[in-house]
Amino acid sequence: MDKVKILVVEDELIIADNICKTLESLGYHVLEPVLNFSEAIKSIEKFNPDLALLDIQLSGKKTGIDIAEKINTDYNFPFIFLTANADIKTINSAKKVSPNAYLVKPFSKNELFTSIEIAISNFSKNNLLKDKTKDKTSLFLKEKGRFHKVNFESILYIKSDHVYIEIFCKNNKKMISRTSLNEISEKLNDSFQRIHRGYIVNLTYVNEITQNEVQVFGNNLPIGKKYKEELLKKIASI
């Protein structure tokens, strides 16, 4: 699993530095902060952040709202507005681009953390509802009270454990999250296949299929009768 990658767009260097230090203390992966629209777009193109913190008022002609419009149009990831102005005009302008959260300076460490986690959660839910193309490469999964980014290519298989799921990844890593196989299957792409009421596998790592088992990266997993035919069709189509 990867840390959530955050871009800070703030033209006051001392404030930007303080925000970045706070984010790092919270365990996020923080990109080099940028000052304006053009620097923000370059950083987005190069580093593909998972979330952006956007100061509304920036140096130059374009504002944080302009960056937000570009994110909505071309990049599709969550963003949070930062501002020292909470007047109606500013808020109404910000509302037009549907920010995932809105923080008024000065804000506390807890307020920053809560806003980020809620923004990621809401974005994930809303994006799932409108995006059914299944061309995604990662998801955000909640574990121990916070969201983590999980790249699909790292997942070997997923196992149901009552009200929890266990995600087994390469390099002997494992995540546990309070959700169901049905719920997580909606967030996966076409590399994944249900093989049993209690298992989903990443087809990329399937080594062998026998009468009763599927071998995934050296792990022998049970295969249910009603899932086997669909699995073989999927394998044949790849």
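The values are calculated or read from the model by the stated rules, or taken from the named source; none is laboratory data. Predicted model only: the values in this text are computed from it and were never measured. All Cβ positions, even for glycine, are placed from backbone atoms using ideal geometry, and neighbour counts span all protein chains on display. Just the protein is used for accessible areas: all its heavy atoms, side chains included, with ligands, DNA and RNA removed. Shrake-Rupley method; radii C 1.70, N 1.55, O 1.52, S 1.80 Å.
Computed quantities for the displayed model
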{"quantity": "Prolate/oblate/rounded label for the range 120-238 (Cα gyration tensor, a/c 1.5)", "calculated": "prolate"}
{"quantity": "Extended-chain gain in nm, criterion 0.36 nm per residue less alpha-carbon gap, ASN172 and ASN72", "calculated": "32.4 nm"}
{"quantity": "Under 14 Å from LYS228, Cα to Cα: aspartates and glutamates that are on another chain or at least 8 residues apart", "calculated": "GLU208, GLU213"}
{"quantity": "The range 1-69 shape via C-alpha gyration tensor axes, a/c threshold 1.5", "calculated": "oblate"}
{"quantity": "Share of carbon and sulfur in the accessible heavy-atom surface of the chain [1.4 Å probe, %]", "calculated": "49 percent"}
{"quantity": "Relative packing of peptides 43-51, 225-233 - highest average C-beta neighbours within 10 Å first", "calculated": "43-51, 225-233"}
{"quantity": "Cα-based shape type of the range 1-146, given that a ≥ b ≥ c are square roots of the gyration tensor eigenvalues and the cut on a/c is 1.5", "calculated": "rounded"}
{"quantity": "Residues of the range 32-167: accessible area per residue with a 1.4 Å probe, Å²", "calculated": "53 Å²"}
{"quantity": "Protection proxy ranking of 152-163, 2-13, 177-188 - average other beta-carbon atoms within 10 Å, highest first", "calculated": "2-13, 152-163, 177-188"}
{"quantity": "Cα centroid separation, the range 22-37 to the range 170-238 (Å)", "calculated": "36 Å"}
{"quantity": "Virtual spin-label span in nm between LEU203 and THR137, 7 Å along Cα→Cβ", "calculated": "2.0 nm"}
{"quantity": "Out-of-range pairs (alpha-carbon distance over 27 Å; input LYS46/LYS234; LYS21/LYS136; LYS5/LYS144; LYS5/LYS62)", "calculated": "LYS46/LYS234; LYS21/LYS136"}
{"quantity": "Label-to-label distance, nm, for residues given as HIS162 and SER180 (7 Å Cα→Cβ offset)", "calculated": "1.6 nm"}
{"quantity": "Solvent exposure, largest accessible area first (probe 1.4 Å, DNA, RNA and ligands not counted), of THR204, THR210, THR90", "calculated": "THR204, THR210, THR90"}
{"quantity": "Reachable aspartates and glutamates from LYS3, criterion Cα separation under 17 angstrom, eight or more residues apart if same chain", "calculated": "GLU24, GLU32, ASP50, GLU117, GLU143, GLU153"}
{"quantity": "Residue-averaged [θ]222 nm for the chain, counting only DSSP H segments that reach four residues, each worth -39500 (n - 2.57)", "calculated": "-10000 deg cm²/dmol"}
{"quantity": "Set of aspartates and glutamates with alpha-carbon distance to LYS96 below 17 Å, sequence-local pairs under 8 removed", "calculated": "ASP55, ASP66, GLU69, ASP74, ASP87"}
{"quantity": "Residues LYS46 and GLN211, FRET efficiency given R0 of 45 Å [Cβ-Cβ distance, rounded to 0.05]", "calculated": "0.35"}
{"quantity": "Burial ranking of peptide ranges 60-73, 99-112 (average Cβ count within 10 Å, highest at the top)", "calculated": "60-73, 99-112"}
